[in-house]
1. Determine whether LEU89 is closer than 17 Å to HIS65 by Cα and at pLDDT 95 or above.
2. Of the numbered conditions (1) open to solvent by less than 70 Å² (accessible area, probe 1.4 Å); (2) at positive phi, LYS441 satisfies every one except a single condition; which is it?
3. Would you point out which residue out of ASP67, ASP51 is under 27 Å from LYS32 (Cα atoms), in a helix (DSSP H, G or I) and not hydrophobic (A, V, I, L, M, F, W, C)?
4. Somewhere in the stretch 420-430, is a residue open to solvent by 40 Å² or more (accessible area, probe 1.4 Å) and among the hydroxyl-bearing types (Ser, Thr, Tyr)?
5. Within the stretch 236-246, count every residue that is touching a helix residue (DSSP H, G or I) at 6+ places or on another chain (Cβ under 8 Å) and open to solvent by 10 Å² or more (accessible area, probe 1.4 Å).
6. Quick one: is ALA257 modelled with pLDDT of 95 or more, of a type in the set (Gly, Ala, Ser) and within 27 Å of LEU288 (Cβ to Cβ)?
7. In this structure, does LYS117 turn out to be within 30 Å of VAL183 (Cβ to Cβ) and surrounded by 14 or more Cβ atoms within 10 Å (Cβ to Cβ)?
8. Go through the stretch 449-462 and give me each residue that's touching a residue at least 24 places away in the same chain (Cβ under 8 Å), open to solvent by 30 Å² or more (accessible area, probe 1.4 Å), under 16 Å from TYR307 (Cβ atoms) and not polar (S, T, N, Q).
Amino acid sequence: PIVLAPKNSSVAMPPPADIVKVAIEWPGAFPKLMEIDQKKPLSSIIKEVCDGWSLANHDQFALQHADSSNFYITEKNRNEIKNGAILRLTTSPAQNAQQLHERIQSSSMDAKLEALKDLANYSRDVTFAQEFINLDGISLLTQMVESGTERYQKLQKIMKPCFGDMLSFTLTAFVELMDHGIVSWDTFSVAFIKKIASYVNKFASDISILQRSLAILESMVLNSHDLYQKVAQEITIGQLIPHLQGTDQEIQTYTIAVINALFLKAPDDKRQEMANILAQKQLRSIILTHVIRAQRAINNEMAHQLYVLQVLTFNLLEDRMMTKMDPQDQAQRDIIFELRRIAFDAESEPNNSSGSMEKRKSMYTRDYKKLGFINHVNPAMDFTQTPPGMLALDNMLYFAKHHQDAYIRIVLENSSREDKHECPFGRSSIELTKMLCEILKVGELPSETCNDFHPMFFTHDRSFEEFFCICIQLLNKTWKEMRATSEDFNKARKRV
């Protein structure tokens, strides 16, 4: 049944959902208060506004938000207009783009500077950006950058601040226009890339030019394989490192972002080579000193870039993590012999008689059991599961060589305990390596939103191995405190 409201009901009806009350500004006039019917075409609303101020050619006008964004209102985004919003009647995006296209080519330096400043501001708006790009605006900006230094070489001495501002606004406009994803990055010349790369050194003291140049290099590397190769030829790690030693966190962030981009896009066979260069240049130590231990908070974007660098570095271990041990490979078996030798300081080798060979095998089997391998006869078989593959054996050897006293103590302690309470070093190492690979996401691409980096990563060039060395000692300590048995293995591992 239909229930009718009483005729004398005083309940106020809500305003129609399609009606938005706004104020509209026009230079030199009082703001106009009006209701916009969202069901009507935007063009007819603009005509109505123009008619109210007796303005002809309404198709050359548009509405934009009168806030700091100055974004144009279009049929796509008009539903975002809120009640009480202040709008502005202004020239259409096409008209504005045409005017700015002409103004930035002015022979007057002052007029050119003002035009580039306006262009940098308007380029954040995708509606304007599309119109400016349609006029081949990107090519105009790149030509200005390519020829700028030569064309204004004389002016630099007289008007250096003006030239710096012009270049800064030009690069800002370029970055904003390219961020909309309308134009492919594959279209840029080597001359343009060389010029941008040169700014990383030439204008190092001009923060805005340096920041935009680094942002452009990062985007080039991430968005085009061809440009990656060209940028990699033009910019070296040695040129980037000094920018990490300053005090501007934004510049430091963009610098690490460029290093990460080069690292991410490098061919597989070049990544380890790049990691070696970063180690030679003491990148981690510089980041630790000038970023992590600097007297200021680390913002989210910097934390994200540090996390990305950490993930990309740990991913270099993926190949070893996914490599099974070959029981027939003598070099790999020699690592296991070395682990045994360091732990037990093997007595002089027995004579090579058939009897002594049996004795040797028996001794090896006994020692491999003390080392905590599952397969006492052929411990190579313990490293055939991937992950962690050969990475576990690498960790064990690193621990044995670089923390020898702790290694010997752990092995001897466990080999002298009652069987049921021993903490098997071999099995523990394999499980622990696998766990570290999961926690540190070895082999996974960096997340776009994560900013969870480990400061310890920056304290040591072999940080994964050092993580392992700390954890294996913690596991052994926890095992003793729990008086654990082999059945408690997973419980003890989780407590670590």
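1. Details: closer than 17 Å to HIS65 by Cα: yes; at pLDDT 95 or above: yes.
Criteria met by LEU89.
2. Condition not satisfied by LYS441: (1).
3. Working: ASP67 fails: in a helix (DSSP H, G or I).
Being under 27 Å from LYS32 (Cα atoms), in a helix (DSSP H, G or I) and not hydrophobic (A, V, I, L, M, F, W, C) holds for just one of ASP67, ASP51, which is ASP51.
4. In the first step, residues of the stretch 420-430 are kept if they are open to solvent by 40 Å² or more (accessible area, probe 1.4 Å); the result is 420, 422, 427.
Next, only the ones that are among the hydroxyl-bearing types (Ser, Thr, Tyr) stay: none.
No, there is no match, as no residue in the stretch 420-430 is open to solvent by 40 Å² or more (accessible area, probe 1.4 Å) and among the hydroxyl-bearing types (Ser, Thr, Tyr).
5. Taking the stretch 236-246 and keeping what is touching a helix residue (DSSP H, G or I) at 6+ places or on another chain (Cβ under 8 Å), we get 237, 239-241, 243-246.
Retained after the next criterion (residues that are open to solvent by 10 Å² or more (accessible area, probe 1.4 Å)): 237, 239, 241, 243, 245-246.
Of the residues in the stretch 236-246, 6 are touching a helix residue (DSSP H, G or I) at 6+ places or on another chain (Cβ under 8 Å) and open to solvent by 10 Å² or more (accessible area, probe 1.4 Å).
6. Details: modelled with pLDDT of 95 or more: yes; of a type in the set (Gly, Ala, Ser): yes; within 27 Å of LEU288 (Cβ to Cβ): yes.
When the stated conditions are applied, ALA257 passes them.
7. On the way: within 30 Å of VAL183 (Cβ to Cβ): yes; surrounded by 14 or more Cβ atoms within 10 Å (Cβ to Cβ): yes.
Yes, satisfied.
8. Residues satisfying the conditions are CYS450, ASP452, PHE453, HIS454, PRO455.
The values are calculated or read from the model by the stated rules, or taken from the named source; none is laboratory data. None of these values were measured; they are calculated from a predicted model. Cβ sites come from the backbone with ideal geometry, for glycine too, and all protein chains shown count toward neighbours. Accessible surface is based on the protein model in full, side chains and every heavy atom, while ligands, DNA and RNA are left aside. Shrake-Rupley method; radii C 1.70, N 1.55, O 1.52, S 1.80 Å.
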